[in-house]
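To start, the structure itself, in structure tokens.
The values are calculated or read from the model by the stated rules, or taken from the named source; none is laboratory data. These numbers were taken from a predicted model, which means no experiment stands behind them. Neighbour counts run over all protein chains shown; Cβ positions are idealised from the backbone, glycine included. These accessible areas exclude ligands, DNA and RNA; they are computed on the full protein's heavy atoms, side chains included. Shrake-Rupley method; radii C 1.70, N 1.55, O 1.52, S 1.80 Å.
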Amino acid sequence: MKRLLIAFVAVLLLAGCNVSLEKQAKESALRSLKAGMVENKESVQLADVETVFLYDSLCILNFTGRIKDAFGEYASNPLEYIFYIKNGNKVGCMRSLENERSIAEGYDIYSSNMDKASKDELRDKCLQLLKTEGVPAQE
């Protein structure tokens, strides 16, 4: 019984870490979008946010970035944000999906049965991209 209780607490702690990782990724994505703006930083929004992949210390978000122009109209662009934390260091990479496919395309990300080898392969693919295009995440 004691082992079962310890296992349950461990699962709760791990689930809590993922929620925190997802929240940090969303906040960092918004800060990254705002950092690219000269004016109207307050008008920047993330819409239709979807957590595409959450594994280990990696989170992939797909969303629509919305920015209000000088006429009060919103311009939007489909975006992907890859967020990774290692040893307290946070790295992010924003990608436009207007002419690109999601890095997670081709993986069975919506299946609860996605095997560890596929998860590791996608994580490694993201880490490779972060090495070439990643920047310290906006804090």
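Just a few scattered comments:
- Carbon and sulfur %, accessible surface of region 87-139 computed with the full protein complex present, 1.4 Å: 43 percent
- Set LYS23/LYS86; LYS26/LYS68; LYS68/LYS125; LYS90/LYS131; LYS34/LYS68 screened for pairs whose C-alpha atoms are more than 23 Å apart: LYS68/LYS125
- Stretched out straight at 0.36 nm per residue, the stretch from ASP48 to THR132 would grow longer than its current Cα-Cα span by 27.5 nm.
- If you sort MET114, MET94 by accessible surface, 1.4 Å probe, largest first, the order is MET94, MET114.
- Among 42-53, 80-91, the order from most to least packed when residues are scored by Cβ within 10 Å on average: 80-91, 42-53
- Three-way shape label, region 88-139, alpha-carbon gyration tensor, a/c 1.5: oblate
- For region 22-139, the extents of the C-alpha atoms along the principal axes are 49, 28, 24 Å, listed from largest to smallest.
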